């Protein structure tokens, strides 16, 4: 009787799946330090300094700075109600902020103020079509979860999630101006390709991305 041989694709795929699982296990959740409420410049100075910059140093952002940045973007500023620093339509809080760094891809969990590991891979260059995105130490990817938006029409979901993305990205601009960081919000994103890399569901939509880092010297 001939010896049964395993199907070749299984022999190839199984080790790759094991490697991917090991990599994901190596990426641990990150508890962010409490945001520093007394940090930064006054609001009017931050507005005066707000600008887009496409030149970044490769220097990593300290964890305290990343913590402040994400809290400013869409952190919980009223713990009793769970409401955020940025408004959202009917308080549905449908916008998620993914954080792409050299270490991997994380999801910012605002309620716990921590980063949840998603992918143990540096995907920064895939978060945009411009060459500088791979140099920025942090690339934020804004993702609207339409499943949280109830029975609204697709047109309304697109409209309101776009508005909410604008609120969050402007918060990032103001914090960056306040702390001397460089940032630029970007529409040049291959959304379908990036969604596959990020393993998003079909009812999750990438709206914009935003690069943040220290200015290039």
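The values are calculated or read from the model by the stated rules, or taken from the named source; none is laboratory data. If you're wondering where the values come from, they're calculated on a predicted model, not measured in any experiment. Please note: Cβ atoms are built from the backbone with ideal geometry, for glycine as well, and neighbour counts cover all protein chains shown.
Summary table
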| quantity | calculated |
| --- | --- |
| Lone unmet requirement of (1) surrounded by 19 or more Cβ atoms within 10 Å (Cβ to Cβ); (2) closer than 20 Å to residue 27 by Cβ for residue 63 | (1) |
| Flag for residue 168 being at pLDDT 95 or above, buried (at least 18 other Cβ atoms within 10 Å of the Cβ), in contact with a strand residue (DSSP E or B) (Cβ under 9 Å, 6 or more places away or on another chain) and outside any helix (DSSP H, G or I) | no |
| Residue within the stretch 181-193 that is assigned to a helix (DSSP H, G or I), more than 21 Å from residue 87 (Cα to Cα), without any contact (Cβ under 8 Å) to a residue 24 or more places away in the chain and more than 13 Å from the chain's Cα centre (by Cα) present | yes |
| Tally, over the stretch 198-217, of residues that are farther than 25 Å from residue 68 by Cβ, crowded, with 18+ Cβ neighbours inside 10 Å and in contact with a helix residue (DSSP H, G or I) (Cβ under 7 Å, 6 or more places away or on another chain) | 1 |
| Any pair with Cβ under 6 angstrom, 6 or more apart, that starts in the stretch 131-147 at a residue that is within 26 Å of residue 89 (Cβ to Cβ) and ends at one that is part of a helix (DSSP H, G or I) and at pLDDT 95 or above | 139/124; 139/127; 139/133; 141/127; 142/165; 144/161; 146/157 |
| Flag if residue 136 is in contact with a strand residue (DSSP E or B) (Cβ under 8 Å, 6 or more places away or on another chain) and surrounded by fewer than 21 Cβ atoms within 10 Å (Cβ to Cβ) | no |
| Residue match in the stretch 200-212 (condition: assigned to a helix (DSSP H, G or I) and either modelled with pLDDT under 95 or in contact with a strand residue (DSSP E or B) (Cβ under 7 Å, 6 or more places away or on another chain) (or both)) | no |
| Residue that is farther than 19 Å from residue 163 by Cα and loosely packed, with under 13 Cβ neighbours inside 10 Å, where the choices are 82, 104 | 82 |
| Conditions (1) more than 20 Å from residue 106 (Cβ to Cβ); (2) touching a helix residue (DSSP H, G or I) at 6+ places or on another chain (Cβ under 8 Å); (3) surrounded by fewer than 21 Cβ atoms within 10 Å (Cβ to Cβ); (4) modelled with pLDDT of 95 or more; number of the one not met by residue 159 | (2) |
| Neighbours by Cβ (under 7 Å, 6+ apart or cross-chain): first from the stretch 94-114, under 25 Å from residue 135 (Cα atoms); second surrounded by 18 or more Cβ atoms within 10 Å (Cβ to Cβ) and at pLDDT below 95 | 104/27 |
